[in-house]
Amino acid sequence: MDKLYLDNAATTYPKPPAVAQAVYSCIANSGVNINRGCYAAAYELEEQVLDTRQLLCGLFHGPDCRNVIFTKNVTESLNVLLKGFLREGDHVLTSSMEHNAVMRPLVQLEKVGISFTRVPCDGQGRLDPDALERCLQPNTRLLVMTHASNVCGTVLPIAQAGDFCRAHGLRFFVDSAQTAGVLDLDMEAMHIDALAFTGHKGLLGPQGTGGFLLAEGLAAELEPLLSGGTGSISHTEDVPAFLPDRFEPGTLNLPGIAGLRQGLLFLQETGIANIRQHEQALAQRFLQGLRPLEEEGQLRILAGGEERVGVVSVQTLKKELSQAAFELDDRFGIMTRVGLHCAPAAHRTLGSYPVGAIRFSFGWYNTPRQTDRALEALGEVCRGA
């Protein structure tokens, strides 16, 4: 049985072949560290890391490649940003569609005197920018929000939110887990102060890669979450004040960054507009094919907004969700994600909590024929065939 991977919102698969080749080559043919050794092999690998920073800075229209900080994933990035920036007495705005990568740090921070307000989205996950004004408080310092929902695919109005933050003197942090490499992100034009990204989804890199970009001046307002050796100013035990070293203690995931570089080069060659068009076309084809099943009363589509990424979630109404997902894999070789998708707030907003949903998420390497295969299989599972 040919396997069909439709869980690209969790991690994209397959990757461009050059990604794995770069990871292997780094381990097998280099294997050195950077910022420590004074030898050619270390300098050559440092050039790859620098080039990756430059590619990311260009992709997101960041201020300088020094402001690109590497972490393990977007979750770590958001923890560094939120826990490093917020202070007792601060108030935060966030959306009701957030992933636990945002919500769990905020709930933790409540215990040390930081408060937050969930700005309500509608039943399709859409945020009305005017609602931000109604939730503003005198001690609000930050708006943090996702760019697109990992549950229903709805794209949130980042540009308007950035304008709101600029008008009210707030800092603006964006979780781009579902959009980096798929939608256009411009830190300068959208007034984004910190953009958190993951490397293994739309950027097509390996797992264990991620990071964030900082607007000029923000680093001075962030207390590092971690500290240690950086290979720089080793005569002092103080944390470096300069970037990227201030937020990059210890050894980086150098094989992962080498692979991420190849993913970014693939994006550059292919064009994110082409990737976006392809993934959205597959999602629309899938949605159209789901309508008859919804009309039969076999399932409920978790409706997303008009502007969306390639994510579609459904609830099977006549078969328990985990059983349906198991049958999709066991009988048809189709891999999906079932449950609450680490986003209970989003499911509450969409009316799918606590049951959850089955998520189908499309990537660059999926095809229309595979989309039709998934529809046919889901129909058989729902109807008990």
### Query
Considering 153, 211, which residue is at pLDDT 95 or above, in contact with a strand residue (DSSP E or B) (Cβ under 7 Å, 6 or more places away or on another chain) and closer than 18 Å to residue 77 by Cα?
211
### Query
When you go through 184, 193 one by one, which is the residue that is farther than 25 Å from residue 310 by Cα and modelled with pLDDT of 95 or more?
193
#### Entry: So residue 223, is it surrounded by fewer than 18 Cβ atoms within 10 Å (Cβ to Cβ) and part of a loop (DSSP other than H, G, I, E, B)
yes
### Query
Restricting to segment 170-186, what's the tally of residues that are outside any loop (DSSP other than H, G, I, E, B) and under 21 Å from residue 79 (Cα atoms)?
6
### Task
Please work out which residue is nearest to the chain's Cα centre (by Cα), limiting yourself to segment 1-10 and to residues that are surrounded by 14 or more Cβ atoms within 10 Å (Cβ to Cβ) and not aliphatic (A, V, I, L, M).
8
### Selection within segment 11-55 - surrounded by fewer than 19 Cβ atoms within 10 Å (Cβ to Cβ) and part of a loop (DSSP other than H, G, I, E, B)
11, 13, 14, 31, 32, 33, 35, 36, 37, 38, 39
### Query
Quick one: which of 369, 373, 383 is surrounded by 14 or more Cβ atoms within 10 Å (Cβ to Cβ) and among the charged types (D, E, K, R)?
373
### Summary
Restricted to segment 161-184 and to residues being hydrophobic (A, V, I, L, M, F, W, C) and crowded, with 24+ Cβ neighbours inside 10 Å, the residue farthest from residue 275 (Cα to Cα) is 172
### Task
Name, by its number, the condition in (1) out of contact with any Ser or Thr (no Cβ under 8 Å at 6 or more places or on another chain); (2) in contact (Cβ under 8 Å) with a residue 12 or more places away in the chain; (3) acidic (Asp, Glu) that does not hold for residue 110.
(2)
### Task
Might you let me know whether segment 58-70 holds any residue that is closer than 17 Å to residue 201 by Cα and outside any strand (DSSP E or B)?
yes
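Let's see how each residue does on (1) in a loop (DSSP other than H, G, I, E, B); (2) surrounded by fewer than 24 Cβ atoms within 10 Å (Cβ to Cβ):
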| residue | (1), (2) |
| --- | --- |
| 188 | yes, yes |
| 197 | no, no |
| 239 | yes, yes |
| 275 | no, yes |
### Task
Scan segment 341-361 for residues that are in contact with a strand residue (DSSP E or B) (Cβ under 8 Å, 6 or more places away or on another chain), part of a loop (DSSP other than H, G, I, E, B) and either among the polar types (S, T, N, Q) or buried (at least 17 other Cβ atoms within 10 Å of the Cβ) (or both) and jot them down.
341, 352, 356
### Summary
Matching residues in segment 332-385 (within 25 Å of the chain's Cα centre (by Cα) and at pLDDT below 95) number 0
### Task
For segment 119-142, enumerate the residues that are closer than 24 Å to residue 344 by Cβ, in contact (Cβ under 8 Å) with a residue 24 or more places away in the chain and of a type in the set (A, V, I, L, M).
119, 127, 132, 142
### Query
Give me the pairs: first residue in segment 59-76 and assigned by TED's automatic domain parsing to the domain that holds residue 192, second residue polar (S, T, N, Q) and assigned to a helix (DSSP H, G or I), beta-carbon distance under 6 Å, and six or more apart or on different chains, which are they?
65/54; 71/77
### Query
Taking the stated definitions as given, is residue 377 in contact with a helix residue (DSSP H, G or I) (Cβ under 6 Å, 6 or more places away or on another chain), over 29 Å from residue 266 (Cα atoms) and in a helix (DSSP H, G or I)?
yes
### Task
Check residue 101 against each of (1) part of a helix (DSSP H, G or I); (2) farther than 16 Å from residue 195 by Cα; (3) at pLDDT 95 or above and name the one condition it does not meet.
(2)
### Message
I'd like the full set of residues that are surrounded by 14 or more Cβ atoms within 10 Å (Cβ to Cβ), of a type in the set (S, T, N, Q) and either free of Cβ contacts under 8 Å to residues at least 60 places away in the same chain or closer than 20 Å to residue 123 by Cβ (or both), limited to segment 285-321.
### Response
313, 315, 316
### Query
Across segment 89-102, which residue is nearest to residue 75 (Cα to Cα) among those that are buried (at least 20 other Cβ atoms within 10 Å of the Cβ) and not small (Gly, Ala, Ser)?
102
### Query
Can you name the condition, by its number, that residue 263 falls short on among (1) within 27 Å of residue 182 (Cα to Cα); (2) assigned to a loop (DSSP other than H, G, I, E, B)?
(2)
### Task
Check residue 84 against each of (1) surrounded by fewer than 20 Cβ atoms within 10 Å (Cβ to Cβ); (2) in contact with a Phe, Trp or Tyr (Cβ under 9 Å, 6 or more places away or on another chain); (3) not in a helix (DSSP H, G or I) and name the one condition it does not meet.
(3)
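The values are calculated or read from the model by the stated rules, or taken from the named source; none is laboratory data. Small disclaimer: the values here were computed from a predicted structure and weren't measured. Cβ sites come from the backbone with ideal geometry, for glycine too, and all protein chains shown count toward neighbours.
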